[in-house]
1. Any idea what % of Cα-Cα pairs in chain B are farther than 26 Å?
2. How many nm is it between the label spots at B:Glu94 and A:Glu15, if each spot is 7 Å from the Cα in line with the beta carbon?
3. Kindly state, to the nearest 0.05, the FRET efficiency for B:Met71 paired with A:Arg158, given R0 = 45 Å and r defined as their beta-carbon distance.
4. For B:Met79, what residues show an amide H to amide H distance below 5 Å, using hydrogens built from the backbone and excluding near sequence neighbours?
5. Among A:Lys13/B:Lys76; B:Lys15/B:Lys40; A:Lys13/B:Lys40; A:Lys114/B:Lys120; A:Lys63/B:Lys86; A:Lys40/B:Lys109, which pairs are too far apart, with a Cα-Cα distance over 31 Å?
6. Once phi is turned into ³J(HN,Hα) by the Karplus curve 6.51 cos²θ - 1.76 cosθ + 1.60 with θ = phi - 60°, what whole-Hz value does each residue of segment A:96-105 show in order, with x for glycine and proline?
7. Find the relative contact order for segment B:43-120 and round it to a whole percent, using C-alpha pairs within less than 8 Å whose residues are 6+ positions apart.
8. Note down the net charge around A:Asp95, summing +1 for each Lys or Arg and -1 for each Asp or Glu among other residues with Cβ under 11 Å from its Cβ.
Amino acid sequence: MSEVTANNIFSEKMEIILSSARSLLFGGEVSNDENIIIIKDAENHKLRAYSSEFSLDQEGEDKVIVSANCHVISYFSMMLFGMEIPEGEEDMCQDGLNELLNIIIGNAARDLSKRGLDFLELITPQVGVFDNSRDSFNNYLVIVPTESGEIDFIFSLRD
Amino acid sequence: MARIMVVDDSHMIRKALRLYLEGGNHEIVAEASDGEDAVKAYAKFKPDLVTMDIAMPEMTGIEALGLIMEMDSEAKVVMVSSINEKDLVVKAIELGAKSFVLKPMSREKTLQVIDEVLAK
């Protein structure tokens, strides 16, 4: 695995989605890029407890997967919906992560569309199953630190 | 106080909406996690208002809205949508939905929209 800088993001899709994520996760203020770690060739990255996946093209080949632990999801559930995830109701962690990814992608869709990168039909995020065996794909791991812990974004994009 | 049904495939969103609405002195008479159950529950409970998610597995919120409007042309349905579902919100309004709220929805905005629709 090798690190790349936040200024060296090779994919426009990835850049727009990360910008949307940072805007949402940091309450509308884009955080300092230096805090975000980007790792190339992240094929062997292990997902955190909960993950959710969204296709970034009509063929369902390019993907973004967001992955986080429940206490981080609960923090953002409180921030976005005014409700922490109660103990013993862990199924809501997956729901919360799906909603988070849905909102990030929804916000990114406007900017993607402006740049002619329309890809969205109505797709509900799926529980992530990161397939790291796909040839001819670049896998980028982006670790976003937040007040409550880290959130991982994995971009699996065609060469 | 109104009798409200909440329809969303996300347990978390149903719980958040329940908190908002009960905090606004409304009663949740039913919850449904997909469109088919929503149509059945509407027939059974005849709520004063329905909050309806758009993207759900099996039967979508748009399809369920259409069936509810066929059953009761006076039904008050408020769509709950993501920002990328703009075209579907327009379709829902054409089918008879009274308004919509965007996710992430705040308690204040949700209650404002629902109270406006109930007052019509």
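1. 6
2. Going by the 7 Å Cα→Cβ label model, 3.6 nm.
3. That pair, B:Met71 with A:Arg158, gives E of 0.45.
4. Here the answer is B:Met52, B:Lys98, B:Ser99, B:Phe100, B:Val101, since their amide H atoms fall under 5 Å of that of B:Met79.
5. In this structure, A:Lys13/B:Lys76; A:Lys13/B:Lys40; A:Lys114/B:Lys120; A:Lys40/B:Lys109 exceed 31 Å between Cα atoms.
6. Whole-Hz 3J(HN,Hα) from phi for segment A:96-105: x, 5, 4, 5, 4, 5, 4, 5, 4, 5.
7. Once divided by the residue count of segment B:43-120, the mean separation gives 29 percent.
8. With Lys, Arg at +1 and Asp, Glu at -1, the neighbours total -4.
Throughout, read-outs are computed from the coordinates displayed, never taken from laboratory work. Predicted, not measured: the structure shown is a model, and the values here were computed from it. Virtual Cβ from ideal backbone geometry, glycine too; neighbours counted across all protein chains shown.
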